[in-house]
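J.: Before I ask anything, let me first share the structure, which is written out below as structure tokens.
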Amino acid sequence: MARAGLTTKRVVQAGAEMADEIGFEHVTPTELAKRCGVKTASLYSHVKNAHELKTGIALLALTELADRASAAVAGLAGKDALIALADVHRDYALEHPGRFTAARFRLAPETAATSAGVRHARLMRAILRGYDLTEPHQTHAVRLLGSVFSGFVGLESAGGFSHSDPAPRESWTEILDALDVLLRAWPREK
């Protein structure tokens with residue numbers, strides 16, 4: 001990235017690309033400044049500090065993922081919507097591992113409340129309405145889905161399934177089938 005034309009948006013985008021290449025946890029203003037061909041002090045005119053840079057990358061990742069998820073589940077319901085949403089998470093994690101990690105970065109409450117994370121929660125809840133889940137069961141199910149999506153793709157991205165059969169895609173499909181069955185039979189009593 002050339003020094004001329006450096007903006008906050010471009011700095012965050014470069015940070016997201018760097019996260020995908022070397023891992024979100026390794027993105028620092030110093031390393032990003034080198035990549036952008038500027039001194040670290042120059043980078044600080046676009047982001048205040050490492051936390052602000054990581055927050056920007058997280059917000060970008062949440063928005064990208066929410067946009068993809070919204071498009072994928074539009075017009076779908078039930079198991080079809082569940083699979084579409086799950087596949088978006090898995091595909092995004094495999095395509096953008098650093099950004100997927102960034103999407104789980106702890107945001108300040110006021111930042112989280114105005115982020116695309118809210119859209120993710122709404123999408124999951126919309127899908128769960130197709131399973132006739134009400135509160136507090138719906139919240140438990142949202143947490144379950146988030147755990148499965150993040151856990152599976154995190155293990156897969158780290159190579160956790162690369163030394164055994166069957167292929168991860170086969171396990172993913174079976175897990176989604178099992179989730180559909182579980183959501184249909186979710187206990188309704190407290």
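The values are calculated or read from the model by the stated rules, or taken from the named source; none is laboratory data. Given the structure is predicted, the values throughout are model-derived calculations rather than measurements. Every residue, glycine as well, gets a Cβ built from its backbone with ideal geometry; the counts of neighbours run over all protein chains shown. Protein only, heavy atoms only, side chains kept; ligands, DNA and RNA dropped before computing areas. Shrake-Rupley method; radii C 1.70, N 1.55, O 1.52, S 1.80 Å.
J.: Once you list every other residue whose beta carbon is under 14 Å from the beta carbon of residue 59, what net charge do they have if Lys and Arg are +1 and Asp and Glu are -1? Walk me through the numbers before you get to the answer.
T.: On the way: positive: 9, 54, 99, 104, 106, 119; negative: 52, 64, 67, 110.
In short, +2.
J.: Further, regarding this structure: Summing +1 for each Lys or Arg and -1 for each Asp or Glu, what net charge is found among the other residues whose Cβ lies under 10 Å from the Cβ of residue 176? Numbers along the way, then the final one.
T.: On the way: positive: 79, 90; negative: 87, 174, 177, 180.
Charge balance in the 10 Å sphere: -2.
J.: Kindly express, to the nearest 10 degrees and within the range 0 to 90, the angle between helix 137-157's C-alpha long axis and the longest C-alpha principal axis of the chain.
T.: The answer is roughly 60 degrees.
J.: Mind pulling the angle between the C-alpha long axis of helix 168-184 and the longest principal axis of the chain? Nearest 10 degrees, somewhere in 0 to 90.
T.: Taking Cα atoms only, the helix is inclined about 50 degrees.
J.: Okay, next question. Given the rule -39500 (n - 2.57) for each run of at least 4 DSSP H residues, summed and divided by the residues of the chain, what is its mean residue ellipticity at 222 nm, to the nearest 500 deg cm²/dmol? List each step's numbers first, then the result.
T.: Working: 10 runs with 131 residues, N = 190.
Computed ellipticity for the chain at 222 nm equals -22000 deg cm²/dmol.
J.: Straight-line reach from residue 79: which aspartates and glutamates fall under 14 Å, measuring Cα to Cα and dropping same-chain residues less than 8 apart?
T.: Of all the aspartates and glutamates, those that pass the test against residue 79 - Cα under 14 Å, at least 8 places apart if same chain - are 87, 132, 174, 177, 180.
J.: Just to verify a number: FRET efficiency for residue 121 and residue 178, C-beta to C-beta distance, R0 = 25 Å, to 0.05? Let's see the in-between values first.
T.: Details: r = 23 Å, r/R0 = 0.91.
The formula returns an efficiency of 0.65 here.
J.: Does region 69-149 come out rounded, prolate or oblate by the C-alpha gyration tensor, with a ≥ b ≥ c the root eigenvalues, rounded set by a/c under 1.5 and, if not, prolate when a/b is larger than b/c and oblate if not?
T.: Working: a/c = 1.83, a/b = 1.22, b/c = 1.51.
Oblate is the answer for region 69-149, as a/c is 1.5 or above yet b/c matches or exceeds a/b.
J.: At 1.4 Å probe size, with the rest of the protein present, what percent of the exposed accessible area of the chain is carbon and sulfur atoms?
T.: Details: 5650 of 10050 Å².
That fraction is 56 percent.
J.: Distance in nm between label sites at residue 30 and residue 189, each 7 Å beyond Cα in the beta-carbon direction?
T.: Modelled inter-label distance: 6.0 nm.
J.: Turning to a different aspect of this structure: So if R0 is 45 Å, what FRET efficiency would residue 42 and residue 95 give, r being the distance between their Cβ atoms, rounded to the nearest 0.05?
T.: The value I calculate is 0.90.
J.: May I ask for the net charge around residue 94, where only other residues with Cβ less than 12 Å from the Cβ of residue 94 are counted and Lys, Arg are +1 while Asp, Glu are -1? List each step's numbers first, then the result.
T.: Details: positive: 90, 99, 169; negative: 20, 87, 91, 95, 156.
Combined, the nearby Lys, Arg, Asp and Glu give -2.
J.: Over region 86-178, give the accessible area per residue in Å² for a 1.4 Å probe, as an integer.
T.: On the way: 4890 Å² over 93 residues.
Per-residue value: 53 Å².
J.: Cα gyration tensor of region 96-190, axes a ≥ b ≥ c as square roots of the eigenvalues: rounded (a/c below 1.5), prolate (a/b > b/c) or oblate? Intermediate values should be presented prior to the final figure.
T.: Numbers: a/c = 2.66, a/b = 1.11, b/c = 2.40.
Verdict is oblate for region 96-190.
J.: Between residue 132 and residue 51, what is the label-point separation in nm under the 7 Å Cα-to-beta-carbon projection?
T.: Going from the residue 51 label point to the residue 132 one covers 4.7 nm.
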